[in-house]
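I have placed the structure first, in the form of structure tokens, so that the comments after it can refer back to it.
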Amino acid sequence: MKCYYHSDREVVAVCKICNKNLCKECYDLGDSGRCKPCITKATEQKHRQREFRIKNESVEYVRNAGIFSVLGAFIGYTTSIRYLSGIENSDIPALVYKLGFILLFAYLGISLICGLKIMNGTFRSMGSLGLLLIFIWPIYVALLTIAIMIGMFCSPPLLLYHLYKLYMKPQVPHQQRM
């Protein structure tokens, strides 16, 4: 039998994917018994999957940040209504206070989701404790507080990073010639 790519050479192996006959030179170019076109196809598929995963991760983060900021803004608005009910004769208009509450709580919502994303492993290990959580719930409160504190500093660059990944096409590394 002759090689699929070189008709003057004898076969030493068969491609595991497409079952084409390969000579020694073609087999040495390949990776674990695959021919060059099958390797190229597999590499392209890996890059597409990686690009899809990166895009999905960014979409999920931006979506969650938006949901939590809207939720935080709603909580800030309701808190401002309750808190500012007695402040009518102030030098600063109540609208400024309301806007401040809304922006603060919206930012805290984004900070919470950012901190939870950073501390993901900690919360997973805490969830495995099961029934003990009834007695150690203050640890969860402390971890949420720490998550918000971390998120207050990390959320602006992390949000900008995910927006950049979402709207910019990822660079595909140059393929090596075989």
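The values are calculated or read from the model by the stated rules, or taken from the named source; none is laboratory data. Quick caveat, the model's predicted, so the values are computed rather than measured. Don't worry about glycine lacking a Cβ; one is built from the backbone with ideal geometry, like all the others, and counts go over all protein chains shown.
Just a few scattered comments:
- Checked against the criterion of being modelled with pLDDT under 70, farther than 29 Å from VAL62 by Cβ and β-branched (Val, Ile, Thr), the candidates ILE87, ILE92 yield just one match: ILE87.
- Of the residues making up the range 4-11, one or more are among the aromatic types (Phe, Trp, Tyr) and modelled with pLDDT of 80 or more.
- Only one of GLY76, GLY66 that is in contact with a helix residue (DSSP H, G or I) (Cβ under 8 Å, 6 or more places away or on another chain), in a helix (DSSP H, G or I) and not charged (D, E, K, R): GLY76
- Members of the range 65-107 found to be crowded, with 17+ Cβ neighbours inside 10 Å and within 19 Å of LEU163 (Cα to Cα), listed by number: ALA65, PHE68, SER69, ALA106, TYR107
- Condition met for ILE110 (under 22 Å from ALA73 (Cβ atoms), part of a helix (DSSP H, G or I), touching a Cys at 6+ places or on another chain (Cβ under 8 Å) and at pLDDT 80 or above): no
- Taking every residue in the range 40-52 that is of a type outside the set (A, V, I, L, M) and modelled with pLDDT of 90 or more and pairing it with any residue that is loosely packed, with under 13 Cβ neighbours inside 10 Å and part of a helix (DSSP H, G or I), at least 6 positions away or on another chain, yields no pair with a Cβ-Cβ distance below 9 Å.
- Within the range 1-53, the set of residues being in contact with a Lys or Arg (Cβ under 6 Å, 6 or more places away or on another chain) and hydrophobic (A, V, I, L, M, F, W, C) comprises CYS3, VAL12, CYS15, ILE17, CYS23, LEU29, CYS35.
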